[in-house]
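What follows is a short report on a single structure.
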4 protein chains.
Amino acid sequence: MDLRMDRAALDAFVQAELPQLRDDVSIARVAPMALDLRLHVGAGHLRPGGTVSGPAMFALADVAFYLALLAMIGPQALAVTTNAAIDFMRKPAAGVDLRAEARILKLGRVLAVGDVLVFSDGAAAPVARAGLTYSIPPLRA
Amino acid sequence: MDLRMDRAALDAFVQAELPQLRDDVSIARVAPMALDLRLHVGAGHLRPGGTVSGPAMFALADVAFYLALLAMIGPQALAVTTNAAIDFMRKPAAGVDLRAEARILKLGRVLAVGDVLVFSDGAAAPVARAGLTYSIPPLRA
Amino acid sequence: MDLRMDRAALDAFVQAELPQLRDDVSIARVAPMALDLRLHVGAGHLRPGGTVSGPAMFALADVAFYLALLAMIGPQALAVTTNAAIDFMRKPAAGVDLRAEARILKLGRVLAVGDVLVFSDGAAAPVARAGLTYSIPPLRA
Amino acid sequence: MDLRMDRAALDAFVQAELPQLRDDVSIARVAPMALDLRLHVGAGHLRPGGTVSGPAMFALADVAFYLALLAMIGPQALAVTTNAAIDFMRKPAAGVDLRAEARILKLGRVLAVGDVLVFSDGAAAPVARAGLTYSIPPLRA
């Protein structure tokens, strides 16, 4: 399986299409059906208590899977999440970046399904896991 | 069932503890086991295509349920989401606020479970639905 | 919105197509976008401890939504579940039937999304809730 | 991490406590935090169209995780599923057994969280994936 977008192409896509994220995330690895994404944790990601908020972890998992999908299908910005289920298992370490490991388990014509593990940088036990489904828009003729 | 926090108390909590949200959300209704929350949609909530992003809808559902829970148990800031499952069903209307309707289906000693429907303001069909579980921290002695 | 199948038509479908369920479930109510289904609890539905098992509640929620969908689209046996998220909230009462209340929140051309509440008969607080997505097969020409 | 129950002990538990499953499943592998379980597909597991039903796959994933958990904590029959989210990705092959691979991602004092991949025997691409949370009952004194 070949990649339709490599890391440089995905980086350019984030800069152009996801401006609110471009200072927050960086792509650590791209491979067929898999992508690792880092979140540079800032004040806007924190919740009462000082650790990364659930919505920030959700956003990280969601965009990691989105970029893993775009790597396979090309820059179809209008692919959308139809379903996500996320378990928050541990409190992230304070003051440490997060790393999301996304994999695609099914890449169909209209739906893509996969999951994501989220880790505090340097830790072996995940802080969260998510299952995600994306709807792939029909190609423009 | 009595409320431990009314709308004024919840508003004050949002101001003090959730500063990144205080300009974005407003509480529309509080009742036993139920709360409605509005999201004032801004540029930071949008995704490619111009509608509200999935993570922004997730964050709205999550905080709506959190506030519904705090209304029942008091200002326990450290209650945390342990699980969330969300279906994104329709594209939100552009340029329109969102309204989340949260209800608590089980309020246990250590876990609270419920669901949230999210609507574009003025529309009858929901744009998203979520099931959420929160873990309630033990009371300080 | 008209029903394509009424209770009698759905009962006949269950008899013909779902033989393993026909002695276990009965349709209590059919309405546009909603259906209530009862499970007659038997020994095969129980888990250690004597209450209804999780998989039996899952099966009830799944078939309730399936029948709610068929009522709207007609007897398309090959509609399939693509995603389900279920919260088990309370132990069902022993020796009591279960009642599932399914509603369809989105009925699209290829996907249907909705949720189900499951109750022990006579109780007001639900024992489980589920969100479900079904894929609707293309019509044969 | 040591196992509290090995394969022989788990087999005996299934025989004694899960009689409705004892002819259907067999434990293929037990390891710390992981267990593989096979489902011997029979007529009772099929849906219209002749492939394994969603509820049968759910039951397989649920019991695989349950046994993975018991291997770690011992024969606490009253551990219960509190949440499950399952994606059905492909039609299982007809006339072929299923294999579930369960792993525990968090084993806490009161909650255990993990996921399960389900495969048609001999196939590399999973037919389903599930995230599961179990509640662990307090130990009897």
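The numbers here are math on the coordinates, done by the rules we state, and not lab data. Since the model is a prediction, treat every value here as computed from it, not as a measurement. Positions of Cβ are generated from backbone atoms using ideal geometry, with glycine treated the same way; all protein chains shown enter the neighbour counts.
General observations
- Other-copy label distances relative to C:Gly49, 7 angstrom Cα-Cβ extension, nm: 2.5, 3.3, 4.1
- Applying both filters, DSSP loop and at most 10 other Cβ atoms within 10 Å, to the trypsin sites (Lys or Arg not before Pro) of the range B:41-135 gives B:Arg109.
- Projecting 7 Å from Cα along the Cα-to-Cβ direction, the label point of D:Ala77 sits 3.8, 4.7, 5.9 nm from its equivalents in the other copies, listed shortest first.
- For chain B, a Gaussian network of Cα nodes joined below 10 Å ranks B:Ala34, B:Ala102, B:Ala94 by mean-square fluctuation, and the top entry is B:Ala94.
- For chain D, modelled as a GNM whose springs connect Cα atoms under 10 angstrom apart, the maximal fluctuation among D:Asp23, D:Asp97, D:Asp62 occurs at D:Asp23.
- Most positive-pole-ward Cα, C:Gln20, C:Ala56, C:Leu111, against dipole of the range C:7-135 from beta carbon charges: C:Leu111
- Net charge over other residues, Cβ less than 15 angstrom from the Cβ of C:Arg7 (K, R count +1; D, E count -1): 0
- Under the criterion of Cα pairs below 8 Å and six or more residues apart, the relative contact order for the range A:46-141 equals 32 percent.
- The shape of the protein assembly as shown can be summarised by an equivalent ellipsoid whose semi-axes, obtained from the alpha carbon gyration tensor, come to 34, 27, 27 Å from longest to shortest.
- Separation of alpha-carbon centers, the range D:15-45 and the range C:37-78, rounded to whole Å: 22
- Those lysines that a straight Cα-Cα span of less than 24 Å connects to C:Lys91, excepting residues fewer than 8 apart in one chain: B:Lys106, D:Lys106
- Secondary-structure-derived ellipticity at 222 nm for the protein assembly as shown, considering helices only, amounts to -7000 deg cm²/dmol, per-run term -39500 (n - 2.57) for DSSP H runs with n ≥ 4.
- For chain C, the longest principal axis of the alpha carbon atoms and the long axis of helix C:54-73 meet at an angle near 30°.
- Each other copy holds its own label point for A:Arg103; taking that point as 7 Å from Cα along Cα to Cβ, the gaps run 0.6, 3.9, 3.9 nm, nearest first.
- Each residue of the range A:79-91 was assigned a 3J(HN,Hα) from its phi angle through the Karplus curve 6.51 cos²θ - 1.76 cosθ + 1.60 (θ = phi - 60°); the sequence is 4, 10, 5, 9, 8, 8, 10, 10, 10, 9, 9, 9, 6 Hz, with glycine and proline shown as x.
- Between D:Pro48, D:Pro32, D:Pro92, the residue with the greatest mean-square fluctuation in the GNM of chain D (Cα pairs under 10 Å linked by springs) is D:Pro48.
- With one equal scatterer per alpha carbon and no solvent term, the Debye-computed log10 I(q)/I(0) for chain D at 0.12, 0.13, 0.17 1/Å reads -0.44, -0.52, -0.88.
- Axis between D and A by rotation; chain D residue with nearest Cβ and distance in whole Å recorded as D:Ala85, 2.
- For the range A:93-115 versus the range D:90-117, the gap between their alpha-carbon centres in whole angstrom: 18
- Neighbourhood charge, 15 Å Cβ-Cβ cut-off, centred on A:Leu67 and excluding it, Lys, Arg +1 and Asp, Glu -1: 0
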